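Taking it in order: structure first as structure tokens, then the write-up.
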Amino acid sequence: MLIDQGDDPRELERRQRAQPRQAQAIAEAVQAVTVGEAWAAYIDARRPRWGEHHHRDHLRTSKPGGLSATRGTRGRGETIAGPIYPLLAFRLRDLSPAMLSAWAERESATRPTVARLLLAAGPRVSELVR
């Protein structure tokens, strides 16, 4: 019957055997997504809706520190890492509400406004990590 319909039974069998492997590969890729990758995808997806200043602010929150600078460093001579930078290397699946709470405590001690603004999306992030 399959041949009469124009299908090669051998090809159909190969596809059926490949499906579980493809599903496994996709599941592993999803499990390996880092906060940095998700953050970059978020910024790319939202970019058309944002103005230049708003986009630059989001990029600034994830910049690494330690770059030399002559202004705005309060005498340190180098930049401070953005508030989200410490989280970028973690896999999304490894984030926990306790980890995010500890991060928020550390950030709110030195930059409460930025921490509050970044946590505005907190309920959505908490739903992801459950």
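For the reader, a short list of remarks on this structure follows.
- Of the residues Trp39, Trp103, ranked by 1.4 Å probe accessible area with the largest first, the sequence reads Trp39, Trp103.
- Amide H to amide H distances under 5 Å link Gly65 with Ala81, Gly82, where only residues 5 or more positions off or on other chains count and H is placed in the peptide plane.
- Spacing of the two label points (7 Å from each Cα toward its C-beta) at Ser108 and Gln19, in nm: 4.9
- Exposure of Ser101 as accessible area (Å², to 10), given a probe of 1.4 Å and all protein chains: 70
- Between Thr34 and Leu92, the built amide H atoms are under 5 Å apart, and every one of these is 5 or more places off in sequence or on another chain.
The values are calculated or read from the model by the stated rules, or taken from the named source; none is laboratory data. The shown structure was predicted, so the numbers you read here are calculated from the model rather than taken from an experiment. In this analysis, Cβ positions are derived from the backbone assuming ideal geometry, glycine residues included, and neighbour counts consider all displayed protein chains. Just the protein is used for accessible areas: all its heavy atoms, side chains included, with ligands, DNA and RNA removed. Shrake-Rupley method; radii C 1.70, N 1.55, O 1.52, S 1.80 Å.
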